[in-house]
Amino acid sequence: MSDRRSLWSNGRVAHSSLLGRSEADVYTDGTLHQVSRPPLAAICGAPFGERDRELLWGQCFNVLEVSDGWAFGYTLYDGYAGYIEEQNLEPSKSPATHRISVRQTMALTEPDFKATRAKQIPLSLGSEVRVKGSDGTWATLNGAPHALYVPSRHLTPLDRRATDPVSVAELLLGTPYVWGGNSAFGIDCSGLVQIACKACGLPCPGDSDQQMAQLGETLDPGTPAKRGDLLFWKGHVGWVSDPDTLLHANAHSMSVTYEPLAKAIERIAAQGDPILRHARLTPH
């Protein structure tokens, strides 16, 4: 049975690539949209369903169908299929040029941090924006109905990749644990892995079971852990920060935390969950 998270079809409509392979009434290439209501939009398994994952402001979603206020489609980055409320999307008119590369920032309606009447729009690490210009201090973004301004130092060009995913993940220390979360406002274990991989230009699926099946090279049991390795348990994943420390978003602390690696392995094993896989990412 196909995994609905990676199936670009809901029975009524399917992506054109599935013609002859998946039954549907209509086949379409879809229409590229992006998240237009900050700071993020939930991806649900069904209309009015529970949150599976999240897309951040500016990130792209290919819409195959809109029905009763819900858009069905898939994320452009990892192909994750689901439903997003239509009001949170708009057709993609121009591609993003930069990403937010700090934990959080504020987009302002005036280029002045002392302007108390300026509207403040919170944006998470990983949000994607189109920069129209910069005076070196403030970057001017496309905004509706007016331009928005973000500190230039909080932005990085999309084509400039981070080199250490753990350093990216460490920006989110203390972030609340939120099931299905992908942002600095709330994140889960697989979200912490994906946001760091994405900043480094590394392909990465959305959920921990998908990540366990696809990411990196499997290492033999007993291989010494090093920074950047991934450890997988049933339903959980964490970064190795150093040979003695795990960095993970976890429901034990309800936040992104460092935890002594040996203690974390022992604690999780006591719950009946041994390590299932030790992986090392391969450079791209």
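The values are calculated or read from the model by the stated rules, or taken from the named source; none is laboratory data. Just so we're clear, the structure is a prediction, and the values are computed from it rather than from any experiment. Glycine gets a Cβ as well: all are built from the backbone with ideal geometry, and neighbour counts include every protein chain shown.
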TODO: Return a yes/no flag: does segment 113-120 have any residue that is β-branched (Val, Ile, Thr) and either at pLDDT 95 or above or under 30 Å from ASN250 (Cβ atoms) (or both).
DONE: no
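Quick check on segment 151-187: of everything there that is under 17 Å from ARG5 (Cβ atoms) and under 10 Å from the mean Cα position of the chain (by Cα), which residue is surrounded by the fewest Cβ atoms within 10 Å (Cβ to Cβ)?
Among those that are under 17 Å from ARG5 (Cβ atoms) and under 10 Å from the mean Cα position of the chain (by Cα), it is GLY180.
Every residue, every condition in (1) within 24 Å of ALA196 (Cα to Cα); (2) outside the structural domain of PRO151 (by TED's automatic domain parsing); (3) not polar (S, T, N, Q), yes or no:
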| position | (1), (2), (3) |
| --- | --- |
| VAL13 | no, yes, yes |
| SER36 | yes, yes, no |
| SER67 | no, yes, no |
| PHE72 | no, yes, yes |
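Which is crowded, with 23+ Cβ neighbours inside 10 Å, without any contact (Cβ under 8 Å) to a residue 60 or more places away in the chain and either assigned by TED's automatic domain parsing to the domain that holds GLU128 or within 27 Å of GLY79 (Cβ to Cβ) (or both), of VAL256, VAL237? Steps first, please.
Details: VAL256 fails: without any contact (Cβ under 8 Å) to a residue 60 or more places away in the chain.
Among VAL256, VAL237, only VAL237 is crowded, with 23+ Cβ neighbours inside 10 Å, without any contact (Cβ under 8 Å) to a residue 60 or more places away in the chain and either assigned by TED's automatic domain parsing to the domain that holds GLU128 or within 27 Å of GLY79 (Cβ to Cβ) (or both).
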Open item on the list: Exactly one of these conditions fails for ARG37: (1) modelled with pLDDT under 95; (2) assigned to a strand (DSSP E or B). Give me its number.
Closed with: (2)
- [ ] Kindly indicate whether TYR27 is touching a Ser or Thr at 6+ places or on another chain (Cβ under 9 Å), aromatic (Phe, Trp, Tyr) and either outside the structural domain of ASP209 (by TED's automatic domain parsing) or farther than 25 Å from ASN142 by Cβ (or both).
- [x] yes
TODO: Only residues that are modelled with pLDDT of 95 or more and part of a loop (DSSP other than H, G, I, E, B): list them for segment 12-22, please.
DONE: ARG12, LEU19
- [ ] Might you let me know whether segment 260-267 holds any residue that is under 24 Å from ASP78 (Cβ atoms), in a strand (DSSP E or B) and in the same structural domain as CYS197 (by TED's automatic domain parsing)?
- [x] no
TODO: Kindly provide the set of residues from segment 170-184 that are in a strand (DSSP E or B) and within 11 Å of ILE195 (Cβ to Cβ), ordered by number.
DONE: ASN182, SER183
Open item on the list: Can you confirm whether SER17 is free of Cβ contacts under 8 Å to residues at least 12 places away in the same chain and either of a type outside the set (D, E, K, R) or out of contact with any Asp or Glu (no Cβ under 8 Å at 6 or more places or on another chain) (or both)?
Closed with: yes
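Check whether at least one residue in segment 161-169 is at pLDDT 95 or above, in a loop (DSSP other than H, G, I, E, B) and of a type in the set (D, E, K, R), and report yes or no.
Pass one, segment 161-169, residues at pLDDT 95 or above: 161-169.
Retained after the next criterion (residues that are in a loop (DSSP other than H, G, I, E, B)): 161-164.
Retained after the next criterion (residues that are of a type in the set (D, E, K, R)): 161, 164.
Scanning segment 161-169, I find at least one residue that is at pLDDT 95 or above, in a loop (DSSP other than H, G, I, E, B) and of a type in the set (D, E, K, R), so the answer is yes.
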Task: Subset of segment 209-228 [touching a Pro at 6+ places or on another chain (Cβ under 9 Å), surrounded by fewer than 22 Cβ atoms within 10 Å (Cβ to Cβ) and assigned to a loop (DSSP other than H, G, I, E, B)] - done: PRO224, ALA225, LYS226, ARG227, GLY228
- [ ] Go through (1) modelled with pLDDT of 95 or more; (2) aliphatic (A, V, I, L, M); (3) over 21 Å from the mean Cα position of the chain (by Cα) one by one and return the number of the condition ALA42 breaks.
- [x] (3)
